[in-house]
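K.L.:
Starting off with a structure, shown below.
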Amino acid sequence: MLAAIEPTTFRVAPTVREVALAYIQQRHDVSPEELTCPSRYKHYIAARALFVAIMQAYRPHVSSGALGQWLKRDHSTVLNLARRAEQLLRDDEEFRQDFARFAAFYAAHGGETQ
């Protein structure tokens with residue numbers, strides 16, 4: 001007869017997407033619903049660009065089509081957001097620091113370190 005097996009609880013690490021959404025909500029006060037809303041408000045666009053930059057850095061295998069589905073956007077819009085993120089990372093110190101702070105936030109919330 002098999003010995004009784006103690007139930008074990010496994011902690012599943014949050015995905016990069018989940019942590020990125022939480023980070024953007026906390027740092028920019030933009031909810032996941034606002035991130036995916038049709039608004040072109042500049043604050044939302046910057047948050048979307050940050051989301052795309054994070055996802056491309058931490059999960060480069062995720063296609064622009066998949067990112068577009070998550071953001072309820074066309075893949076070409078995601079490509080434009082990626083170009084905007086590249087420009088902001090190059091030219092905007094605040095955006096660059098915000099992107100860099102994500103690594104610590106991700107590690108603190110159960111993500112693997114890079």
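The numbers here are math on the coordinates, done by the rules we state, and not lab data. From a predicted model like this one, the values you see are computed outputs, not experimental measurements. Glycine gets a Cβ as well: all are built from the backbone with ideal geometry, and neighbour counts include every protein chain shown.
K.L.:
Can you pull out the trypsin sites (Lys or Arg not before Pro) in the stretch 37-88 whose DSSP state is coil and whose Cβ has at most 10 other Cβ atoms within 10 Å?
P.N.:
Passing both the DSSP loop test and the Cβ count: R40.
K.L.:
Grab the Cα-Cα distance for R27 and R101, subtract it from 0.36 nm times how many residues apart they are, and report the gain in nm with one decimal.
P.N.:
Working: separation 74, 0.36 × 74 = 26.64 nm, distance 1.01 nm.
Between R27 and R101, full extension yields an extra 25.6 nm.
K.L.:
Continuing with this model, one more query. Show me the three semi-axes of the equivalent ellipsoid for the chain, from the C-alpha gyration tensor (sqrt of 5 times each eigenvalue), largest first, rounded to whole Å. Mind dumping the intermediate values first?
P.N.:
Values: eigenvalues 194, 53, 35 Å².
Taking √(5λ) for each Cα gyration eigenvalue gives 31, 16, 13 Å.
K.L.:
What does the charge add up to near R90, with Lys and Arg as +1, Asp and Glu as -1, over the other residues with Cβ less than 15 Å from its Cβ?
P.N.:
My count for the surroundings of R90 gives -3.
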